[in-house]
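The structure under discussion appears below in the form of structure tokens.
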Amino acid sequence: SHEQGPIKIANPERAQHVKPEEQLERVNATFVTLARNSDIGDLAGTIKQIEDRFNSRYKYDWVFLNDKEFDSNFKRIATRLVSGRARFGKIPSSQWSFPSHVDVEKAANVRAEMKEQKIIYGDSISYRHMCRYQSGFFFQHPLMMEYEYYWRVEPSAEFYCDIPFDPFRIMVEEKKKYGFVISLLEYETTVPTLWNTTKTFFKQHPEHLAKDNSMDFISDDGGYSYNLCHFWSNFEIASLEWLRSPAYTAYFEALDQAGGFFYERWGDAPIHSLAAALMLRRDEIHFFNEIGYYHAPFTHCPTGKMKDELRCYCESKENFDWKGYSCTSKWFDFMGREKPDGYEDE
Ligand code: GDP
Ligand code: MN
């Protein structure tokens, strides 16, 4: 089994001798990528890395979602690269547009102001639809309804190491609901009222607050304020059934009604993270230390013996985990864990 503390690698010798055509047993899970047709170039290399490092032995499906129809070029390249079934879904326009309760003029004024303030994606409408879709809808897509777990992948992400074990199986066997590799601080200007909205929700629904939650990871003053720590959601391995639960559904609904996707620029990362921190037990959240990962501009690079065993090619000095803007140190302290072997390596 896969324990906290010293990381055990599931038989790396064997992984090197596995023939690509050998089929290992899967759990009920899928990769999922939200993308535009123009993203296929940046996505192709990412898919190839995941296939070479992991999925060619398992052949998990891969669901691609888009607010427009995928074109034949996208479908041809994705189908060629994915060893499992490549499946293509269109997002209903009702889930990629302003909900009727949102004042579009007020939202336009916010975008103009955020543009002045040079807030990243502050002036973008599509980015807001994307964040809202990732927060509240992707797990309800008919193609996603068949699965219990997902692994989210974004264009241009890199996977630096072998993955000689099945992360989905860890989720199942260790009863994990949310897995991450990078955590960091959010830009305060994108979420000024998210915490108060969240607090109001939990005051009205104390039944959704988990026992043994991770409040002390996301707040430094016992829940009075948000410390901006969140899991970086461009990488996620998590439970779809959790996101489809009445608790998460009610939380998303309350946030959507508050309008912060459009009157501010709430990201799906802090939303998934606050939900995970408050609605899950801390032992249902998993740090996938073994998965070497890059999404601009941050790297998670395994250290010590593990880095050799997993044939990683990232640079240890790029590892973001213990740097000032990361929250992973706080996560380790909160969980009472020792930092991994070789964490101070350059
Ligand atoms: P960042 O990582 O926050 O800089 O944002 P990205 O540009 O990577 O967008 C996050 C994810 O949503 C990626 O998988 C993108 O391909 C996808 N995405 C972003 N905007 C759109 C859009 O307008 N349409 C579609 N279909 N996908 C989008
Ligand atoms: Mn991205």
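Since every read-out is calculated from the coordinates, none of them should be taken as a lab result. Note that the structure is a prediction, hence the values are computed from the model and not measured. Here the Cβ is made from the backbone with ideal geometry for all residues, glycine too, and neighbour counts use every protein chain on show.
Odds and ends about this structure:
- The helix-based estimate of mean residue ellipticity at 222 nm for the chain, built from -39,500 (n - 2.57) per DSSP H run of four or more residues and divided by its residue count, is -10000 deg cm²/dmol to the nearest 500.
- Order by protection proxy (mean Cβ within 10 Å, highest first), peptides 58-66, 273-281: 273-281, 58-66
- Per-residue HN-Hα couplings for segment 331-345 [Karplus 6.51, -1.76, 1.60; θ = phi - 60°; Hz; x = Gly/Pro]: 4, 5, 4, 4, 7, x, 9, 6, 5, x, 3, x, 4, 8, 4
- Between the residues 238, 303, 97, the greatest Cα displacement towards the positive end of the dipole of the chain, with unit charges on the Cβ of Lys, Arg, Asp and Glu, is found for 97.
- Convex hull volume per residue for segment 218-285, taking Cα atoms only, in Å³: 105
- Most mobile listed residue (288, 235, 334) in the chain, GNM with C-alpha springs under 10 Å: 334
- Structure note, pairs 177/323; 175/199; 317/339; 48/75; 199/323: Cα-Cα distances above 19 angstrom occur for 177/323; 175/199; 199/323.
- Dimensions of segment 184-307 based on its C-alpha atoms, expressed as ranges along the principal axes with the largest first, amount to 48, 30, 29 Å.
- Altogether, the Stokes-Einstein calculation at 37 °C and 0.692 mPa s, with the Kirkwood radius of the chain over Cα pairs as Rh, returns a diffusion coefficient of 158 µm²/s.
- Charge dipole of the chain (Cα centre as origin; +1 on each Lys and Arg Cβ, -1 on each Asp and Glu Cβ, all else neutral): 800 debye, rounded to the nearest 20.
- Cysteines of the chain lacking any other cysteine Cβ under 4.7 Å from their own Cβ: 131.
- For segment 68-76, Karplus couplings with θ = phi - 60° (6.51, -1.76, 1.60), whole Hz, Gly/Pro x: 10, 5, 5, 8, 5, 5, 4, 5, 5
- Whole-Hz ³J(HN,Hα) from phi, Karplus 6.51 cos²θ - 1.76 cosθ + 1.60, for segment 99-105, glycine and proline x: x, 4, 7, 8, 7, 5, 6
- Fluctuation leader among 304, 89, 292 - the chain, Gaussian network, Cα springs under 10 angstrom: 304
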